[in-house]
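Colleague: Once you've had a glance at the structure underneath, I'll fire off some questions.
Any read-out appearing in this document is the output of simple, stated calculations on the displayed coordinates, not a laboratory observation. Computed from a predicted structure; not experimentally measured. Every residue, glycine as well, gets a Cβ built from its backbone with ideal geometry; the counts of neighbours run over all protein chains shown.
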Amino acid sequence: MRLLYFAWVRERLGKSEEQIEPPANIGTVGELMAWLAKRDEQYAHAFENAKVIRAAIDHRHVRPDAPIAGAGEIAFFPPMTGG
Amino acid sequence: MTTTIRLQREPFDVAAEVERMTHGRTDIGAVVTFTGLCRADENGKQIAALTLEHYPGMAEAEIGRHVEEACARWRLLGVTVIHRHGRLEPGDVIVLVATASSHREAAFAAASFLMDYLKTRAPFWKQVESVGDKACEEKTWVEAKASDDSAADRWSMPPPRHEAAK
């Protein structure tokens, strides 16, 4: 699945997107974030405050308990400041 | 019902967009126009520029959902939402929300609703270039405000949906 990163999440990771295949036991967005945070120090820094990070699956806002099965695109980003 | 939703880098003409929404209509009795502008200060710092990052695809989809929700809650005859992205300078118009209805209550309420949702749910992120003491520029991300979340929350209990137009 395709992961997208925006704003300071993107800056901390040094990339705006990547293709990833998480292990089969990762079922939800929250579990995916926790798994990403363990990858290396950059990911740990980006996801250190998981409560602040928001997520969207296929262009729709989702909560941490949302299932990732079948997702084409998952985005992670800080709270929004548009308008 | 005329709906316009656009994201763009370029500046736009507010009056021309409102005219486009209302041109030739004799059923519209009320038009509410909100424009959001880039100020020269953010949190006490002087701003040289504001850069808006956005999530292409999701921004349009999310704004489209907000507009659909507004049309379900209020009897609207036109809605225009235009949101810029990229680098903006103080004085530039960032966003336009214009609503049209036969009487003013729907137009006012829908414009306020759309702005509250744009502030909290539309995937844009602002980064500020401030001018420091030694003329060195630093960029900082603007933080989301709790007051914006509270404003959006007040719309959570929708009023009874209006009857279908006869």
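Colleague: Please work out how many pairs of lysine residues in the protein assembly as shown are eight or more positions apart (or on different chains) and have Cα atoms closer than 23 angstrom.
Modeller: 17
Colleague: Return the sequence-ordered ³J(HN,Hα) values of segment A:16-31 in whole Hz as given by the Karplus equation 6.51 cos²θ - 1.76 cosθ + 1.60 applied to θ = phi - 60°, using x for Gly and Pro.
Modeller: So the Karplus estimates, Gly and Pro as x, are 9, 6, 6, 9, 9, 10, x, x, 4, 7, 8, x, 10, 4, x, 5 Hz.
Colleague: Normalising by the residue count of chain A, find the relative contact order in percent from Cα pairs under 8 Å and 6+ residues apart.
Modeller: On the way: 132 pairs, mean separation 31.8, N = 83.
Relative CO of chain A lands at 38 percent.
Colleague: Compute, for chain B, the length of the dipole vector about the Cα centre, with Cβ point charges of +1 (Lys, Arg) and -1 (Asp, Glu) only. Units Debye, rounded to 20. Can you show the working numbers first?
Modeller: Details: 21 positive and 25 negative charges, 97 e Å.
Dipole about the Cα centre, nearest 20: 460 debye.
Colleague: Is chain B rounded, prolate or oblate when judged by the Cα gyration tensor, a ≥ b ≥ c being the square roots of its eigenvalues, rounded requiring a/c under 1.5 and prolate requiring a/b larger than b/c?
Modeller: Numbers: a/c = 2.44, a/b = 1.80, b/c = 1.35.
Cα axes put chain B in the prolate bin.
Colleague: Take the alpha carbon gyration tensor of the protein assembly as shown, find the square roots of its eigenvalues, order them as a ≥ b ≥ c, and report rounded if a/c is under 1.5; if not, report prolate when a/b exceeds b/c, else oblate. Don't skip to the end; give the middle numbers.
Modeller: On the way: a/c = 2.35, a/b = 1.39, b/c = 1.69.
In terms of gyration-tensor shape, oblate.
Colleague: Tell me, what ³J(HN,Hα) does each residue in segment B:50-60 have, in order and in whole Hz, if you take phi through Karplus 6.51 cos²θ - 1.76 cosθ + 1.60 with θ = phi - 60° and put x for Gly and Pro?
Modeller: So the J values, rounded to whole Hz, are 10, 10, 9, 8, 8, 9, x, x, 6, 4, 5.
Colleague: Provide a whole-number value for the mean count of partner chain Cβ atoms within 10 Å of the Cβ atoms in peptide A:70-82.
Modeller: Working: counts 0, 0, 0, 2, 0, 4, 0, 6, 5, 8, 15, 15, 23.
Whole-number average of other-chain Cβ neighbours for A:70-82 is 6.
Colleague: Mind checking B:52-64 for the average number of partner chain beta-carbons within 10 Å of each residue's beta-carbon?
Modeller: Details: counts 2, 7, 4, 8, 1, 5, 10, 3, 1, 4, 6, 1, 0.
If you average over the peptide's residues, the count of other-chain Cβ atoms is 4.
Colleague: Oh, and also: Just grab the label-to-label distance for residue B:35 and residue B:3, each label 7 Å out from Cα along the Cβ direction, in nm (one decimal).
Modeller: Between residue B:35 and residue B:3, the simple spin-label model gives 2.6 nm.
Colleague: Across peptide B:120-130, what mean number of C-beta atoms from other chains lies inside 10 Å of a residue's C-beta? Walk me through the numbers before you get to the answer.
Modeller: On the way: counts 5, 5, 4, 10, 7, 11, 5, 4, 0, 0, 0.
Average neighbour count from other chains, rounded to a whole number: 5.
Colleague: Ok, one more. Test of understanding: what is the full-extension gain from residue B:108 to residue B:23, defined as 0.36 nm times their sequence separation minus their Cα-Cα distance? Working shown, then result.
Modeller: Details: separation 85, 0.36 × 85 = 30.60 nm, distance 1.98 nm.
Result: 28.6 nm gained on full extension.
Colleague: What ranking do B:141, B:125 get, fewest neighbouring Cβ atoms within 10 angstrom at the top?
Modeller: Values: B:141 16, B:125 24.
Sorted ascending by nearby Cβ count, the order is B:141, B:125.
Colleague: If you don't mind, another one. Report the paramagnetic label zone for residue B:156: residues of segment A:48-66 whose backbone N is under 15 Å from a point 7 Å from Cα along the Cα-to-Cβ axis.
Modeller: In segment A:48-66, the label zone of residue B:156 (backbone N under 15 Å from the point 7 Å along Cα→Cβ) covers A:63.
Colleague: What ³J(HN,Hα) values, in whole Hz, does the Karplus curve 6.51 cos²θ - 1.76 cosθ + 1.60 give for segment B:121-128 when θ = phi - 60°, with x put for Gly and Pro?
Modeller: Along segment B:121-128, the couplings run 10, 7, x, 10, 9, 9, 10, 9 Hz.
Colleague: What residues have an amide H closer than 5 Å to that of residue A:6, excluding those fewer than 5 places away on the same chain, when H is modeled at 1.01 Å from N in the peptide plane?
Modeller: Under 5 Å from the amide H of residue A:6: A:76.
Colleague: Still on this structure: Apply the a/c threshold of 1.5 to the C-alpha gyration tensor of segment A:2-77 and tell me whether it is rounded, prolate or oblate. Mind dumping the intermediate values first?
Modeller: Details: a/c = 1.43, a/b = 1.28, b/c = 1.11.
Rounded shape, in that the Cα axes give a/c under 1.5.
Colleague: Mean residue ellipticity at 222 nm from the helices of chain B, using -39,500 (n - 2.57) per DSSP H segment of n ≥ 4 over the full residue count, to the nearest 500 deg cm²/dmol?
Modeller: Working: 4 runs with 51 residues, N = 166.
Helix contribution divided over all residues of chain B: -9500 deg cm²/dmol.
Colleague: Give me the distance between the Cα centres of segment B:1-27 and segment A:6-39, rounded to whole Å.
Modeller: Computed from Cα coordinates, the inter-centre distance equals 39 Å.
Colleague: Same structure again: Compute the length gained on full extension between residue B:51 and residue B:14: take 0.36 nm times their separation in residues and subtract their Cα-Cα distance, giving the result in nm to one decimal. Numbers along the way, then the final one.
Modeller: Values: separation 37, 0.36 × 37 = 13.32 nm, distance 2.06 nm.
Difference between extended and current length: 11.3 nm.
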